[in-house]
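Taking it in order: structure first as structure tokens, then the write-up.
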Amino acid sequence: MSFNPLSVILSQNKLIGENFTDWKRNLNIVLTSEKHKFVLLEACPPEPAANAAKAVKDAYEKWIVSDDMARCYMLASMSNVLQQQHQGMRTAAEIMASVQAMFGETSTRARFEAKEEEKIKRKIKRRKNYKKKKKIISGPNCKKEKKNKKNKRKRKRRKIKKKEKNYFGIKL
């Protein structure tokens with residue numbers, strides 16, 4: 001795998017299962033730099049007839065060569081067990097579909113990120129509910145009520161003081 005300096009990334013980070021997301025990202029980097037990624041996105045063109053135009057033959061040949069390179073990169077960057085499971089597959093797209101079915105949806109990192117995202121959503125929802133409750137408790141009417149109660153207490157204290165002073169014979 002020393003065709004491309006970037007291929008070192010794949011040899012150092014072989015697919016073992018738990019690292020599927022990282023492996024796929026690294027594979028996409030290498031295939032993009034080598035201009036072979038299109039084989040994962042496009043279906044194989046039909047085999048051209050013997051009398052087909054040169055451009056059609058060249059396009060088919062380019063796809064076959066790129067697919068072989070992509071398969072080699074993929075198989076070389078897998079654990080031995082995964083290599084044995086996938087070496088009989090004909091195209092790189094088949095290998096990717098198989099690996100994605102095995103590890104893609106149940107990726108540890110994907111599950112962790114989903115849990116973290118759910119925690120954040122719950123936190124935001126709790127904050128919104130708290131703010132709504134706070135507005136209800138301390139709305140504009142609540143402040144007036146507090147002020148009225150305070151004034152009521154002051155008036156009551158003044159009355160009491162007047163009575164006390166009158167009781168002891170002090171004139172105001």
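Of Tyr130, Tyr60, Tyr73, the order by accessible heavy-atom surface (1.4 Å probe, DNA, RNA and ligands excluded), from most exposed downward, is Tyr130, Tyr60, Tyr73. Only Lys, Arg, Asp and Glu carry charge here, each on its Cβ (+1 for the first two, -1 for the last two); on that basis segment 1-101 has a dipole of about 120 debye about its Cα centre.
Translational D (Stokes-Einstein, µm²/s) of segment 1-51 at 25 °C and 0.890 mPa s when Rh comes from the Kirkwood sum over C-alpha pairs? It would help to have the intermediate numbers written out before the result.
Details: Rh = 12.6 Å.
Diffusion coefficient, whole number: 194 µm²/s.
The number of Lys pairs in segment 1-104 with C-alpha atoms less than 17 Å apart, excluding pairs fewer than 8 positions apart on the same chain, is 6. Phi angles across segment 50-60 convert, under the Karplus curve 6.51 cos²θ - 1.76 cosθ + 1.60 with θ = phi - 60°, into 3J(HN,Hα) values of 4, 9, 6, 5, 4, 4, 5, 5, 5, 5, 5 Hz, Gly and Pro given as x.
The values are calculated or read from the model by the stated rules, or taken from the named source; none is laboratory data. Keep in mind it's a predicted model, so treat the numbers as computed, not measured. Every residue, glycine as well, gets a Cβ built from its backbone with ideal geometry; the counts of neighbours run over all protein chains shown. Protein only, heavy atoms only, side chains kept; ligands, DNA and RNA dropped before computing areas. Shrake-Rupley method; radii C 1.70, N 1.55, O 1.52, S 1.80 Å.
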